[in-house]
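Structure first, then comments.
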């Protein structure tokens, strides 16, 4: 039986769903035994392009710089009997351990892949994940999953494996940059239902009169027809 205090990875269809908690999740994977260590690193996550004003002239970049967190760890899956519990996703957990040993780790590893890297039908992309273990909490996407099979039973099924995972923090730039109400920041929001160019110009520039200029910059045939899911450029303005 898995412990309530073991490291868990919960999958969500969208990043926004994470805020609603477990009941909005797709699935969850809990480690059979916790990793002996977890590595955390922080790196800059900022746009590489030099911003240009709406009039075409370059201006100094004043976009905020984010330090994105990356978490990496390794753990073991084991059906040899050395560990009293069986891995998460093993459908034979109620049967004698010999049955689990004979069937191998396929079920558990498939569940792990489903939670971390398999594309979702709705989004055609891997899920967003929320890692929780003690004081560690990270919301992001899995960027690396490694599996090293180290022991096999007599039928050739793997019964022990070493797993390595790397998760990169996801930073919602639209949300973070909305905190900065300066016209010197380049924004590239995703169009949502109800968005209009005048309203977005009012939000980003404190003046909706720039909507025709923004339509021209983005090559829009009409400022009235915005496509849901489209990303538009709102560069800094020289006033």
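A few remarks follow.
Yes or no, residue by residue, for (1) assigned by TED's automatic domain parsing to the domain that holds residue 33; (2) surrounded by 18 or more Cβ atoms within 10 Å (Cβ to Cβ); (3) touching a helix residue (DSSP H, G or I) at 6+ places or on another chain (Cβ under 8 Å):
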site	(1), (2), (3)
100	yes, yes, no
109	yes, yes, no
116	yes, yes, no
123	yes, no, no
126	yes, yes, yes
140	yes, yes, no
143	yes, no, no
153	yes, no, yes
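- Test: residue in segment 16-26 that is farther than 24 Å from residue 156 by Cα, modelled with pLDDT under 85 and crowded, with 18+ Cβ neighbours inside 10 Å: no
- Test for residue 80: is it in a loop (DSSP other than H, G, I, E, B) and touching a helix residue (DSSP H, G or I) at 6+ places or on another chain (Cβ under 8 Å): yes
- In segment 159-239, counting only helices (runs of 4 or more DSSP H) that sit wholly within it, the ones holding 1 or more residues that are in contact with a helix residue (DSSP H, G or I) (Cβ under 6 Å, 6 or more places away or on another chain) and modelled with pLDDT of 85 or more span 197-205, 211-217.
- Among the conditions (1) farther than 21 Å from residue 16 by Cα; (2) exposed (fewer than 14 other Cβ atoms within 10 Å of the Cβ), the only one that residue 213 does not satisfy is (2).
- Scanning segment 73-92 for residues that are farther than 8 Å from residue 32 by Cβ and over 24 Å from the mean Cα position of the chain (by Cα) returns 79, 80, 81, 82, 84, 90, 91, 92.
The values are calculated or read from the model by the stated rules, or taken from the named source; none is laboratory data. Because the structure is predicted, anything quoted here is derived from the model rather than measured. FYI the Cβ positions are ideal-geometry reconstructions off the backbone, even for glycines, and counts take in every protein chain you see.
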